[in-house]
Amino acid sequence: MAKKKIVFECIECGHQDPKWLGRCPSCGGWNTMEQITRSSVACNAATGNHESPGLSSKGTIMLQNIDISEVPRFSSGFAEVDRVLGGGIMRGSAILLGGEPGIGKSTLMMQIAGSARITNNSTESGKILYISGEESASQLKMRANRLNINSSNIEILIESDLGRILDALDKSKPKLIVMDSIQTVVSEEAGKVPGTVNQVKFCGHSLISWSKNNNAAIFFIAHVTKEGVIAGPKIVEHMVDTVLYFDHSNSGIRFVRAAKNRFGSVDELGLFTMEASGLKEVKDPSTLFLIQRNDGMPPGIAAVPVFEGSRALMVEIQALTVPAKSGFSRIYSDRIDNNRVSRIAAVLEKNMSLRFSDQDIYVNVAGGMKLNEVGIELALACALYSARTNIPFPKETAVAGEISLAGEIRPTAHMERRIKTAVEMGFKKFIGPNPVETMHATSKNRIYTGSKNISESIKLIFSKP
């Protein structure tokens, strides 16, 4: 017979206590504790505490006896998504995908459901279950027709009740699950209002447990707040294996980045464009962030190869300086950190006798990509110098390097790859740090010139031949 347990639970944060309290000790909310009666058997069933395949009756298994003969990953059908995930979708993994409303999260997941290659043989089930708590079946069918989706292995479930979702999973036994979205799932065990902190935690844990016990991959689509972070408790991001953010630039390019990845790197970047037939991969991103000009470069622009995961991309850093209107200078930069811009401007002011303290500084990156690596600092310095002196940056020149507070140019990672990318893009001159031992091969390249400090770099770049 199932035992019943009476607890008091906060409807705001999910904190539980054996007695009623006027104020929740966790979130500080007043009169938020409600009495709930929970069945231990129901809880175990809801949270998916089933015996995992290969586990002994005691719940343990020898590490050396674990069978990994099965291919642990399968392709999503998109090379860009596979790159961000670390080589494909890991079986038994939980992936959280967040992004702004209307950016294309459901479109991307429908396309992945139609193109994922789960199995290469006919003996294993390759079923895909798309669970929607926001749209009707006819709406999903219309999207699938618009995207020309192969729906032979896709099953649709329009449901938001956790218990019925788990029953459908037990019957269907899919290998890939899409939950659109996690904020719509509700369970009576966690309250009556969907989307609360406790509901998201409880339902998320239940679905993750089922997927891991059945060696199935599950995607959660999540809403984001006005600040651009995934809505709901931070514990959900800790529960999943991978957290992906779907973002876009003003130019229409969609970016997929990994904020967390237990099975791969978080430095990779997936690039897409939205077209009438759905999301399309950017096959050749080399020219994506460069503006083609027939004449010379305008002042305030510098080209730099940036390293994103396993590939180098050529981007343009744009800078503009104007006299400060409010009596003190301000920095406007949403693609490069303001503190980095301020530090590079201070180094230029110290070493090149330029004054930025009475200037408003505007910095942008062509294509809308956000840059965080240190290798862009020399290009940022060149863009600021060019904007302040109104001297154009040479058209066929690229730069890369880190700048110290003393004005020294320090080596940065993957210089050989950066130089190779610049050569392939037609650049005839490359300025960077003095070659180190690992750069012997590239230092012999005719286009490369090393410099030891910012003053020397500026003279090499902007001096007339």
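Here, each number is a calculation from the coordinates, and none is a lab measurement. Since we're looking at a predicted model, the values are computed, not measured. Here the Cβ is made from the backbone with ideal geometry for all residues, glycine too, and neighbour counts use every protein chain on show.
What residues have an amide H closer than 5 Å to that of residue 448, excluding those fewer than 5 places away on the same chain, when H is modeled at 1.01 Å from N in the peptide plane? For residue 448, the qualifying residues are 430.
Each peptide in 203-209, 262-268, 252-258 gets a packing score, the mean of other Cβ atoms within 10 Å over its residues, and the list from highest to lowest is 203-209, 252-258, 262-268. Helix 105-115 axis versus longest C-alpha principal axis of the chain: approximately 80°, rounded to the nearest ten.
Computed on segment 301-462, with alpha-carbon pairs under 8 angstrom and 6+ residues apart, the relative contact order is 25 percent.
Ranked by Cβ crowding within 10 angstrom, fewest neighbours first, how are 457, 463 ordered?
463, 457
Only aspartates and glutamates eight or more places from residue 19 in sequence, or on another chain, were considered; those with a Cα closer than 16 Å are 9, 34.
Ranked from highest to lowest mean number of other Cβ atoms within 10 Å per residue, what is the order of the peptides 16-28, 148-160? Before the final figure, lay out the partial values.
Details: 16-28: 12.2, 148-160: 15.6.
With the highest mean Cβ count within 10 Å placed first, the list reads 148-160, 16-28.
Our note on the geometry: Cα centres of segment 135-151 and segment 234-310, 27 Å apart. On the basis of the beta-carbon distance and an R0 of 56 Å, residue 276 and residue 26 show a calculated FRET efficiency of 0.70.
If the segment from residue 61 to residue 115 were pulled out straight at 0.36 nm per residue, it would be longer than the present Cα-Cα gap by 15.9 nm.
May I ask which of 395/452; 420/452; 260/350; 325/395; 175/370; 173/283 have a Cα-Cα span longer than 28 Å here? Intermediate results must be reported in sequence, preceding the final value.
On the way: 395/452 23 Å; 420/452 21 Å; 260/350 39 Å; 325/395 32 Å; 175/370 35 Å; 173/283 35 Å.
Checking Cα-Cα distances, 260/350; 325/395; 175/370; 173/283 exceed 28 Å.
Taking Cα atoms only, the orientation of helix 338-351 departs from the longest principal axis of the chain by about 20 degrees.
Each residue, residue 68 and residue 151, gets one label point 7 Å from its Cα in the Cβ direction; the gap between the two is 3.9 nm.
Compared with the dominant Cα axis of the chain, that is its longest principal axis, helix 162-172 is turned about 90°.
With a Förster radius of 56 Å applied to the C-beta separation of residue 19 and residue 463, the computed FRET efficiency comes to 0.10. Calculated mean residue ellipticity, 222 nm, the chain: -7500 deg cm²/dmol, from DSSP H runs (n ≥ 4) at -39500 (n - 2.57) each, averaged per residue and rounded to 500. Residue exposure proxy: 180, 82, ordered by other Cβ atoms within 10 angstrom of their Cβ from fewest to most, comes out as 82, 180.
Find the relative contact order for segment 153-244 and round it to a whole percent, using C-alpha pairs within less than 8 Å whose residues are 6+ positions apart. 28 percent.
Exposure proxy check: 63, 162, 460 ranked by fewest other beta carbons within 10 Å?
63, 460, 162
The charge dipole of the chain, taken about the Cα centre with unit charges on the Cβ atoms of Lys, Arg (+1) and Asp, Glu (-1), comes to about 640 debye, rounded to the nearest 20. A simple spin-label model places the labels of residue 193 and residue 355 5.8 nm from each other, with each point 7 Å out along Cα-to-Cβ. Using the Cβ-Cβ distance between residue 417 and residue 290 with R0 set to 22 Å, the FRET efficiency from 1/(1 + (r/R0)^6) comes to roughly 0.80.
Relative protection proxy for 107-118, 410-421, 345-356, from highest mean packing down: 107-118, 410-421, 345-356 (other beta-carbon atoms within 10 angstrom). Contact order, relative form, for the chain: 12 percent (alpha carbon pairs under 8 Å, 6 or more residues apart, mean separation divided by residue count). The H on the amide N of residue 410, modeled in the peptide plane, is under 5 Å from the matching H of 402, 403, 404, each at least 5 residues off or on a different chain.
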